[in-house]
Amino acid sequence: MPEPHILLLGGTTEARRLAELLHPAHGYRVTSSLAGRVARPRTPPGEVRVGGFGGAAGLAHWLRAHTVTALVDATHPFAGTMSAHAARAAALAHVPLLALRRPGWLPVPGDDWRPVPGLAEAAALLPSLGRRVLLTTGRTGLGAFAALDDHWFLVRSVDPPEPGTPRPARLRTLLDRGPFTLEGERALLRGHRVDVLVTKDSGGTATAPKLTAAREAGLPVVMVTRPPAPAGVTAVATPEEAAAWLRRAGARPA
Ligand code: NAP
């Protein structure tokens, strides 16, 4: 009997960790799927495919054509379109689906967080909070801040913004990828005299030190809240729980 084939929708640290847990010694065939947005992604072990499937129908076709036993949606909590497609495709192809989604961050005493539903709302809030902004919401979506001529932005992202895309006039790009340290984040905020941080509620530990550094410095944090997850999909918080779910689901030889 062929080994169970797991399709892992990735692009996150957790997806890579799950690929490591399942491959190669544990009786699985694992294919990790990456969107292809990052120029030099950290590739997981096992098979890797890159690029979109062509919507939910395309993904359902891929699941059938490659005899996938179980689908794991381990995309970033803000990859809402892909998660919706995963739910639809799993239903169409009758393949069990698990969401691996790291929990969101929670404020602690001393935090000054301003939750907003999107980047446009984040931009609308900035004039009341500060002029020097550390922006960690990614290189796409900079257009939402383009009209803020009075503000200076330090944009931290893995890859540079696409040439020609709308962006604020006064901007410096810092190419970097987590994990980040508390020391480093303190120095960054101080060194650039940042007075407000804008972030997505990505969760996880790799990028959390900026929140501690902001709290220590008494800075407000504009926190973009998560898009809703698809209803009715079983979700776990860690790669270890996902591996256990796959074993329980029988996506493994007896
Ligand atoms: P999205 O808006 O939810 O997805 C847009 C389209 O990109 C999807 O419809 C799909 O194309 C394709 N796609 C997305 N993830 C894919 C994957 N893992 N494998 C193959 N195709 C994928 O996604 P996004 O927010 O642009 O994020 C893209 C990728 O970057 C995701 O894999 C995510 O895990 C990672 N990421 C996102 C963020 C973020 O803040 N959004 C942060 C860090 C990492 P088709 O419809 O053609 O299948």
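The values are calculated or read from the model by the stated rules, or taken from the named source; none is laboratory data. Source: prediction; values computed, not measured. Neighbour counts are summed over all protein chains in view; Cβ atoms, including those assigned to glycine, are modelled from backbone coordinates with ideal geometry.
Below are the figures for this structure:
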| item | result |
| --- | --- |
| Residue within segment 103-113 that is out of contact with any Asp or Glu (no Cβ under 6 Å at 6 or more places or on another chain) and under 21 Å from Arg247 (Cα atoms) present | no |
| Of all residues making up segment 67-85, the number that are in a loop (DSSP other than H, G, I, E, B) and within 11 Å of the ligand (Cβ to nearest atom) | 6 |
| Complete set of residues in segment 79-98 that are surrounded by 17 or more Cβ atoms within 10 Å (Cβ to Cβ) and either under 18 Å from Val224 (Cα atoms) or polar (S, T, N, Q) (or both) | Ala79, Ser83 |
| Positions within segment 1-17 being outside any helix (DSSP H, G or I) and either of a type outside the set (S, T, N, Q) or over 18 Å from Glu240 (Cα atoms) (or both), in sequence order | Met1, Pro2, Glu3, Pro4, His5, Ile6, Leu7, Leu8, Leu9, Gly10, Gly11 |
| Any chance Arg64 is touching a residue at least 12 places away in the same chain (Cβ under 8 Å), within 26 Å of Pro179 (Cβ to Cβ) and more than 9 Å from the ligand (Cβ to nearest atom) | no |
| Qualifying residue in segment 36-51 (condition: more than 30 Å from His151 (Cβ to Cβ), buried (at least 17 other Cβ atoms within 10 Å of the Cβ), over 20 Å from the mean Cα position of the chain (by Cα) and at pLDDT 95 or above) | no |
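Condition check ((1) over 20 Å from Leu100 (Cβ atoms); (2) surrounded by fewer than 18 Cβ atoms within 10 Å (Cβ to Cβ); (3) of a type in the set (Lys, Arg)) across all residues:
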| position | (1), (2), (3) |
| --- | --- |
| Leu175 | yes, yes, no |
| Phe180 | yes, no, no |
| Arg186 | yes, yes, yes |
| Thr199 | yes, no, no |
| Ser202 | no, no, no |
| Thr234 | no, yes, no |
| Glu241 | no, yes, no |
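Okay, residues lined up against (1) at pLDDT 95 or above; (2) within 30 Å of Pro109 (Cβ to Cβ); (3) not in a loop (DSSP other than H, G, I, E, B):
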| position | (1), (2), (3) |
| --- | --- |
| Gly164 | no, no, no |
| Arg190 | yes, yes, yes |
| Leu211 | yes, yes, yes |
| Ala214 | yes, yes, yes |
| Pro228 | no, yes, no |
| Gly250 | no, no, no |
